[in-house]
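**Student:** Take a look at this one; I'll ask things after.
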Amino acid sequence: MKALIIGSGGREHALAWKLLQSPRIAEVVCIPGNGGTAALAGCRNLPLSISDFEGITRFSLVNNMAFVVVGSEQPLAAGITDYLQAQDIKVFGPTKIGAQIESSKSWAKTLMQAAGIPTPDSKSFTEAAAAIAYIEQQGTPIVIKADGLASGKGVTVAHTLADARAAVNKSFSGHFGLAGERILVESYLQGQEVSVLAVTDGLTIRPLIPAQDHKTIGEGDTGANTGGMGAYAPTPVVDQPLLGRIQTEILEPALKGLQQQNIDYRGVLYAGLMVTPQEDLQVIEFNCRFGDPETQAILPLLETPLDAIILACLEQRLADFPPFEWKSAAAACVVMAAAGYPDVYPKGMVISGLEAAAETDAIVFHAGTRRVQQQVQASGGRVLGVTAVGETFESAIANAYRAVECIEFEHSYYRSDVGYRVKVLPGT
Ligand code: AMP
Ligand code: GLY
């Protein structure tokens, strides 16, 4: 079988790497891919735009792709699945209407409220004055969210009224384009944030191992929100009983809510949850695709072939599929970024030390990289996802940092505290 992956991040490199471990997968093609997928044995990049649905369709038909995995949310929100399905191409990822669970935070809130899924109170606004009046009445801390897609950067946790007003004005002044023309003002929650990625065939839903991600740029979870600066799995914050509750209180009701709207959702449903100190569960967002960098930490532990899981979802056989098998180990991913990310950052820096890092047994997933002759150069904000497996959570983290230390490029930046929230948990 041949498989097509849409996207160019660390997540897509990890998906390609994992698919190619299956004896049934002869080739993976990435559109457009990155410097890592270009060099992966069995994989090649195709320089098409992820919004060229016509070109992607033609390529898939001519080259007989068994299925397409859509990595990033933008093409899903723009209807790539609807487009490809119209030509009988199998796509792992929801249709445009299902992708609204991520592409419209207010749509997702309405679904959650109707399905009885616990989520913080919120109100939606389309103009600044009313939003600011509401915020002044509620007080801080408070959370301001652009309604639409903003690559994880449209959310501000405001600790002062001045920050809250600035966030409202930023969104309504066009900083996030159309995505920010509506905002959600949400109550602030404290707790441990976890990412539970589940797969569904539209009839059954099953979680993968729970992960955690560090969303902000700064040490100690401070500073601006990013796409994610580091991840680890399985997180000890979610034990089996808690995962059981996530299944019955969140994942199953969400699937039911989608079904009630006649949405045939086949792909990943990712629940971003807050686990409060009282073990209360609250959904702060849903995503309609694999998480990045969570996927880089989850897939190295998956023993079940990924293509088998994907095909079971696409053919609606998930209820009969055997339990997913996992290595009894932990994995951690440290994101190496270009200094300045998530704002303005330099590109073109030459990356060295990748071979030395690979010798430590780490897996270096590429994100914003490209190959220029013999060189690997940085070409994006998040550059590499340096991932390692260990017998314990601590050893996975230590192994990942050992590999990070082998790698050098000018203006590199990474957080040195990935996993600290788990290390401070009693008993771990
Ligand atoms: P979202 O895109 O909705 O996941 O928000 C991005 C990040 O902002 C989350 O990963 C959290 O770290 C933070 N966040 C979002 N909503 C809340 C909330 N209600 N309370 C506290 N932090 C939040
Ligand atoms: N790491 C957060 C996300 O994928 O949305």
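Just so you know, all these numbers are worked out from the coordinates, no wet-lab data involved. Remember, it's a predicted structure, so these values are computed and weren't measured experimentally. For neighbour counting, all protein chains shown are included, and Cβ atoms are generated from backbone atoms with ideal geometry for every residue, glycine included.
**Student:** When you have a sec, figure out the Kirkwood radius of the range 33-81 from all distinct Cα pair distances and drop it here in Å to one decimal? Each step should come with its number before you reach the end.
**Tutor:** Details: mean 1/r = 0.0838 Å⁻¹.
Hydrodynamic radius (Kirkwood, Cα pairs) of the range 33-81 is 11.9 Å.
**Student:** Which one, Gly385, Ala362, Ala331, is farthest towards the positive end of the dipole of the range 310-393 when Lys and Arg carry +1 and Asp and Glu -1 on their Cβ?
**Tutor:** Gly385
**Student:** Would you list which aspartates and glutamates come within 18 Å of Lys2, measuring only between C-alpha atoms, while excluding same-chain residues fewer than 8 positions from it?
**Tutor:** Glu12, Glu27, Asp88, Asp307, Glu315
**Student:** Can you put Tyr414, Tyr420, Tyr83 in order of Cβ neighbours within 10 angstrom, beginning with the fewest?
**Tutor:** Tyr420, Tyr83, Tyr414
**Student:** Along each principal axis of its Cα atoms, how long is the range 325-428 end to end? Whole angstroms, biggest number first, please.
**Tutor:** 46, 29, 25 Å, listed from the longest principal axis down.
**Student:** If you don't mind, there's one more thing I want to ask. If the viscosity is 0.692 mPa s and the temperature 37 °C, what translational diffusion coefficient in µm²/s does Stokes-Einstein give for the range 177-312 when Rh comes from Kirkwood over Cα pairs?
**Tutor:** Translational diffusion coefficient: 206 µm²/s.
**Student:** Please quote Rg/Rh for the range 103-254 to two decimal places, taking the Kirkwood radius as Rh and restricting both calculations to Cα atoms. Show your work: numbers first, answer last.
**Tutor:** Numbers: Rg = 16.4 Å, Rh = 16.7 Å.
Rounded to two decimals, Rg over Rh is 0.98.
**Student:** On to the next question. Suppose every K and R has +1 on its Cβ and every D and E has -1 on its Cβ; what is the size of the dipole of the range 182-316 about the Cα centre, in Debye to the nearest 20?
**Tutor:** The dipole of the range 182-316 has a size of about 280 debye.
**Student:** Ranked highest first by average number of other Cβ atoms within 10 Å, how do 283-292, 173-182, 146-155 line up?
**Tutor:** Ranking, from highest mean packing down: 283-292, 146-155, 173-182.
**Student:** Right, here's the next one. For the range 193-329, what relative contact order do you get, as a whole percent, if you take Cα pairs closer than 8 Å and at least 6 residues apart?
**Tutor:** Details: 243 pairs, mean separation 41.9, N = 137.
In percent, rounded to a whole number, it is 31.
**Student:** Also, I was wondering about something else. On a C-alpha basis, how far is the centre of the range 121-155 from the centre of the range 329-405 in Å? Whole number, if you could?
**Tutor:** Cα centroid of the range 121-155 versus Cα centroid of the range 329-405: 34 Å apart.
**Student:** Pull out the extension gain between Ala86 and Ala319, defined as 0.36 nm times the separation in residues minus the alpha carbon to alpha carbon distance; nm, one decimal.
**Tutor:** Stretched fully, the Ala86-Ala319 segment lengthens by 81.3 nm.
**Student:** Further question: Give me the orientation-averaged projected area of the Cα convex hull of the range 330-379, in nm², one decimal.
**Tutor:** The orientation-averaged projected area of the Cα hull of the range 330-379 comes to 4.1 nm².
**Student:** Placing +1 at every Lys and Arg Cβ and -1 at every Asp and Glu Cβ, with all other atoms neutral, what dipole size does the range 136-200 have around its Cα centre, in debye to the nearest 20?
**Tutor:** I would put it at about 140 debye.
**Student:** With contacts defined as alpha carbon pairs under 8 Å and 6 or more residues apart, what's the relative contact order of the chain in percent?
**Tutor:** 16 percent
**Student:** Relative to the compact globular guide of 2.2 N^0.38 Å, what is the alpha carbon radius of gyration of the chain, as a ratio?
**Tutor:** Normalised Rg, Cα atoms only: 0.93.
**Student:** Over all alpha-carbon pairs in the range 81-127, figure out the percentage whose distance exceeds 18 Å. Write down the numbers at each step before the final one.
**Tutor:** Numbers: 483 of 1081 pairs.
The proportion of pairs with Cα distances above 18 Å equals 45 percent.
**Student:** Straight-line reach only, C-alpha to C-alpha below 17 angstrom: list the aspartates and glutamates that Lys423 could link to, leaving out same-chain residues fewer than 8 apart.
**Tutor:** Glu193, Asp213, Glu219, Asp221, Asp239, Glu391, Glu394
**Student:** Calculate, in whole percent, how much of the Cα-Cα pair population of the range 128-192 lies beyond 20 Å.
**Tutor:** 19 percent
**Student:** Straight-line reach from Lys347: which aspartates and glutamates have a Cα under 15 Å away, not including same-chain ones fewer than 8 places off?
**Tutor:** Glu408, Glu410
**Student:** Restricting to Cα pairs below 8 Å that are 6+ residues apart, what does the relative contact order work out to for the range 337-428? Please round to a whole percent.
**Tutor:** 33 percent.
**Student:** Shifting gears a bit: Given the rule -39500 (n - 2.57) for each run of at least 4 DSSP H residues, summed and divided by the residues of the chain, what is its mean residue ellipticity at 222 nm, to the nearest 500 deg cm²/dmol?
**Tutor:** After summing the helix terms and dividing by the residues of the chain, the value is -8000 deg cm²/dmol.
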